[in-house]
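Values quoted throughout were computed directly from the atomic coordinates according to the rules given, and no laboratory measurement underlies them. This one's a predicted model, so the numbers in the text were calculated from it and none came from an experiment. When we count neighbours, we look across all protein chains shown, and the Cβ atoms used for this are built from the backbone with ideal geometry, even at glycine.
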Amino acid sequence: MTPRLCFITDTRRGTAGRPLAEVVRRARQGGVELVILRERTLPKKALGALLETLLPLREQGLKLVIGRRLDLARAYALDGVQLAADAIPVREARAWLGPDALIGYSAHSGPEARRAEKEGASYVTLSPIYPTSSKPGAPGRGLVWLAQAVRGLGVPVLALGGLTPARTREVLEAGAWGVAAVTAIGAAADVELAATEFRNAILENSQ
C-alpha cells in the first residue's frame with residue numbers, strides 16, 4: 001500500500017540545523033512512512049554519505065526514495081525514486097528499477113499526473129495546494145483545483161505545498177490519498193509531535 005504520510009527533505013532550510021538522520025528518526029517515530037531525499041544541490045558523494053545515515057531507519061519500516069538519482073537508488077537498494085518533468089521518463093525508471101519499485105512523480109497539473117500514471121508511476125505528488133515558504137510569492141492552487149486534478153486518476157495522490165495537520169482533512173476530502181510536507185515536519189520544534197499530528201489527522205479522516 002502506498003504510504004499516506006511523506007516527509008520530503010531539505011537540509012538547507014528544512015531541518016532547523018539538526019542532523020538529517022535525527023530529524024528523519026523522529027519523523028518516523030511520529031508516523032512518517034515515506035521519506036523522499038530531495039537534495040538537488042548535493043554531489044553524489046555527499047548524497048551517498050547522507051544515505052548511509054538513513055539506511056538503518058529502514059529497519060523500522062521506513063520507505064526511502066531519492067530524487068532523480070537512479071544510480072544511487074540501485075546502488076543503495078532504495079525503495080525507489082522521485083521524478084519530475086525534467087528528469088528521466090517514468091517508463092525508463094520503471095525499466096531500470098523493476099515492477100516493485102516505488103516511482104513517484106512530482107506533478108503540477110491533472111494532465112501531468114495522468115501522463116505519469118500511464119507511464120507507470122506508483123504515486124504522484126500534486127502541488128502547490130496552498131502558498132508555501134518553499135516558493136515565496138507563488139499562489140496555492142486550492143482545493144477545487146486539487147479535486148479536479150485527481151478526478152479519474154488511478155494512482156494515489158499526495159497533496160503537497162503549505163500542508164498542516166489542520167488542513168489535512170480538506171485535502172483528503174478533495175480526493176488526496178495522503179499528504180507530503182517539508183518544513184512543517186522537518187523544521188518543527190518537535191518533529192515527532194508534528195508528524196504525529198499529521199498522522200492522527202489522516203487516521204481521523206480515513207474512517
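Quick notes on this one:
- Cut-off under 5 Å, modelled amide H: who pairs with Val182 long-range: Ile8
- Each Lys and Arg Cβ is given +1 and each Asp and Glu Cβ -1; about its Cα centre, segment 5-204 then shows a dipole of about 440 debye.
- Between the amide H of Thr132 and those of Ala138, distances stay under 5 Å, these residues lying 5 or more places away or on another chain, with hydrogens modeled in the peptide plane.
- Sequence-separation-based contact order of the chain, relative, with Cα cut under 8 Å and 6+ spacing, percent: 23
- Each peptide in 41-50, 104-113 was scored by the mean count of other Cβ atoms within 10 Å over its residues; highest first, the order is 104-113, 41-50.
- Cα point-scatterer Debye curve for segment 15-92, base-10 log of I(q)/I(0) at q = 0.13, 0.14, 0.15, 0.27 Å⁻¹: -0.38, -0.45, -0.51, -1.43
- Mean Cβ count within 10 Å, highest first, over the residues of peptides 120-126, 141-147, 86-92: 120-126, 141-147, 86-92
- Note on Leu55 and Glu204: their simple-model spin labels are 4.0 nm apart, each label 7 Å out from Cα toward Cβ.
- Ranking Gly186, Ala149, Ala46 by how far each Cα lies toward the positive end of the dipole of the chain (charges on Cβ) leaves Ala46 at the top.
- Over segment 70-128, the hull volume per residue, using the convex hull of the C-alpha atoms, is 73 Å³.
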